[in-house]
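Here the structure comes first, spelled out in structure tokens, and everything after it is commentary.
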Amino acid sequence: MSNALYLDCHAGIAGDMLLSALVDLGADPISIERELKQLPIDDFALHFNKKVKQSIHAMTLKIDFHEHHHHRKASDIFKLIDDSQLPERVKQRSKAIFNTIAHAEAKIHGMTIEDVHFHEVGAMDSIIDIIGGCIALEQLSIDTLYCSPIPTGNGKINIAHGIYPIPAPATAEILKNIPLAAFNVQSELTTPTGAAFAKSLVTQFGPFPAATMQEIGYGAGNKDFDFPNVLRVIQFQDNQQVSHDQVQVIECQIDDMTPEMLGHFMDTTLKAGALDVYFTPITMKKNRPAIQLTVLCKINDKQTIENLVLTHTSSLGVRSYTVNRHILKRAFRDIETPYGQIKVKFALKNGTILKMKPEFDDIKAISEHKTIPLHQVYNTVMNTINNQYHIGESLK
């Protein structure tokens, strides 16, 4: 079984509401703040406190900044995350969320991802909400996220570019292809940051699945209504060890790009949220050696990835089709080894271990830091894993 989290967004979702709810659920606020303070960002302090919202005791978050904070370009934020010592899954999740927001901003303002300057969504509080939220998810060992349909609210909102209808442009762009809930409230219930969390990390939208609730946390919004303005998060064990879903396959043939250009495109596309990118040698008409480019992505990311292919490769067109996918559930554990803690990924079937392997980035970092051959580190770590876990047994 894997640890799962259900986001009950009856009053919408915002980044601070989610981070507060995760702390209420059991994430350690002191540890979250300590990890965030290791990043090269403006000085701040986090204050988590309980507040009553229509008789519901929920956690709130107030952020104190000790100096003026400035807006950042999307590329600066990606570099900040890549250069950090954050756990690998925290990096991946954080970048996926920022990437979702950056693509929405780029489309709205007619610019490239590299040129996007974050405004509300890129201010320091949102950087803290997003990375802090991903740190909290990692502390709670959350492997899978589910979510209810999301209400946006109605009316108008004053943003950096003027007065706009709710949902704000970035929020509306992010929420495309996500089920929305009807809730006639004259206020913004869902922010771009909250929408991006759901768009980037949630694997399934709908009612709470058939499972046993284990822990519940409440995160409060900063507005008061005649209903509880809270986000409820529910932790449970996900018994569905094999998942069926659909992904988009995007393809084209290329015979006039250098290996360096293709490699750059792969990096760019993976950072944009592609699930996988690979090149297959082929022979085209007139006996020209070429490659077939194949990109796998979430169905919601189809348009984004197609635009990347048309913009960053020499191809004049793409083919795209939807395929069914049958995947094993994944779970992660930090294992103590002779070299320190290593993150190990387990593939589970019917609650038992089918496959297991250490995270390669951890192995590589140890090899480089201790100047030990990579294969030696790998073999030692695998021996340690095999002494503690066995194929066919339940994951501890």
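The values are calculated or read from the model by the stated rules, or taken from the named source; none is laboratory data. Owing to the predicted nature of the structure, the values given are computational and were not obtained by experimental measurement. No Cβ is skipped: glycine too gets one built from the backbone with ideal geometry, and neighbour counts run over all protein chains shown. Keep in mind that these areas ignore ligands, DNA and RNA; they rest on the heavy atoms of the full protein, side chains included. Shrake-Rupley method; radii C 1.70, N 1.55, O 1.52, S 1.80 Å.
Need one number: convex hull volume per residue for the stretch 264-395, Cα atoms only, in Å³. Kindly include the intermediate steps, with their values, before the conclusion.
Working: hull volume 22.6 nm³, N = 132.
Value for the stretch 264-395: 171 Å³ per residue.
Sort VAL318, VAL23 by heavy-atom solvent-accessible area, probe 1.4 angstrom, most to least.
Sorted descending by solvent-accessible area, the residues read VAL318, VAL23.
Compute for the stretch 181-230: radius of gyration divided by Kirkwood radius, i.e. Rg/Rh, restricted to C-alpha atoms, rounded to two decimals.
Details: Rg = 13.3 Å, Rh = 13.6 Å.
Taking Rg over the Kirkwood Rh, I get 0.98.
For a test of the definition: using alpha carbon positions, the gyration tensor, and the 1.5 limit on a/c, classify the stretch 84-158 as rounded, prolate or oblate.
oblate
Can you give the helix-only mean residue ellipticity at 222 nm for the chain, where every DSSP H stretch with n ≥ 4 adds -39500 (n - 2.57) and the sum goes over all residues, rounded to the nearest 500 deg cm²/dmol?
That comes out to -10500 deg cm²/dmol.
Using a 1.4 angstrom probe on heavy atoms only, work out the carbon and sulfur share of the accessible area of the chain in %.
Within the chain, the accessible surface is 51 percent carbon and sulfur.
Any chance you could run the full-extension gain for ARG288 through LEU275? It's 0.36 nm times the residue separation minus the Cα-Cα distance, nm to one decimal.
My answer for the length gained is 1.8 nm.
Treating cross-link reach as a plain straight distance, find the aspartates and glutamates whose alpha-carbon is under 17 Å from the alpha-carbon of LYS199, omitting any fewer than eight places away in the same chain.
Reachable aspartates and glutamates: ASP8, ASP16, GLU105, ASP129, ASP143, GLU173, ASP245, ASP301.
Going Cα to Cα from LYS349, which lysines come in below 16 Å? Please leave out same-chain ones fewer than 8 positions away.
LYS329, LYS357, LYS396
GNM on the chain, C-alpha springs below 10 Å: top fluctuator among ARG325, ARG72, ARG93?
Highest fluctuation of the listed residues: ARG325.
Are there chymotrypsin sites (Phe, Trp or Tyr not before Pro) in the stretch 111-215 that DSSP puts in a loop and that have at most 16 other Cβ atoms within 10 Å, and which ones?
In loop regions of the stretch 111-215 (DSSP not H, G, I, E or B), there are no sparsely surrounded chymotrypsin sites (Phe, Trp or Tyr not before Pro).
Compute the normalised compactness of the stretch 161-268: alpha-carbon radius of gyration over 2.2 N^0.38 Å, N being the residue count.
1.53
With the crude spin-label approximation of a point 7 Å out along Cα→Cβ, what separation in nm comes out for ASN379 versus GLU88?
2.1 nm
Please label the shape of the stretch 29-169 as rounded, prolate or oblate, based on the square roots a ≥ b ≥ c of the eigenvalues of the alpha-carbon gyration tensor (a/c under 1.5 means rounded; beyond that, a/b larger than b/c means prolate, else oblate).
It is rounded, given that a/c, with a ≥ b ≥ c, falls under 1.5.
What residue among LEU316, LEU262, LEU140 has the largest mean-square fluctuation in a Gaussian network model of the chain, using Cα springs under 10 Å?
Of the options given, LEU316 has the highest mean-square fluctuation.
Could you tell me the number of lysine pairs in the stretch 28-105 with C-alpha atoms less than 15 Å from each other, where the two lysines are 8 or more residues apart or belong to different chains? Before the final figure, lay out each step's value.
Working: LYS50/LYS62; LYS51/LYS62; LYS73/LYS95; LYS79/LYS91; LYS79/LYS95.
Count of close lysine pairs: 5.
Which longest run of the chain has no exposed loop site in it, a site being GluC sites (Glu not before Pro) in a DSSP loop with at most 11 other beta carbons within 10 Å, and the site itself not part of the run? Walk me through the numbers on the way to the answer.
Numbers: sites that count: GLU67, GLU393.
Within the chain, the longest run free of exposed GluC sites (Glu not before Pro) spans 68-392.
Per residue of the stretch 275-283, what does 6.51 cos²θ - 1.76 cosθ + 1.60 with θ = phi - 60° give for ³J(HN,Hα)? Whole Hz please, x for Gly and Pro, Karplus curve as stated.
Values, residue by residue: 6, 6, 9, 8, 10, 10, x, 9, 10 Hz.
With θ taken as phi - 60° and the coefficients 6.51, -1.76 and 1.60, list the Karplus ³J(HN,Hα) couplings across the stretch 86-97 in order, rounded to whole Hz; mark glycine and proline as x.
Calculated HN-Hα couplings, in order: 5, x, 4, 5, 5, 4, 4, 5, 4, 5, 4, 5 Hz.
Provide the FRET efficiency to the nearest 0.05 for the VAL52-LYS176 pair, computing r from the beta carbons and using R0 = 30 Å.
0.25
Among LYS364, LYS91, LYS285, which one shows the biggest mean-square fluctuation in a GNM of the chain, springs joining Cα atoms closer than 10 Å?
LYS285
Using square roots of five times the C-alpha gyration tensor eigenvalues, list the equivalent-ellipsoid semi-axes of the chain in whole Å, biggest first.
34, 29, 22
For HIS264 and ARG330, FRET efficiency with R0 = 41 Å and r from the beta-carbon atoms, rounded to 0.05?
Calculated transfer efficiency: 0.90.
Could you tell me the center-to-center distance, by alpha carbons, between the stretch 17-41 and the stretch 354-375 in angstrom?
28 Å
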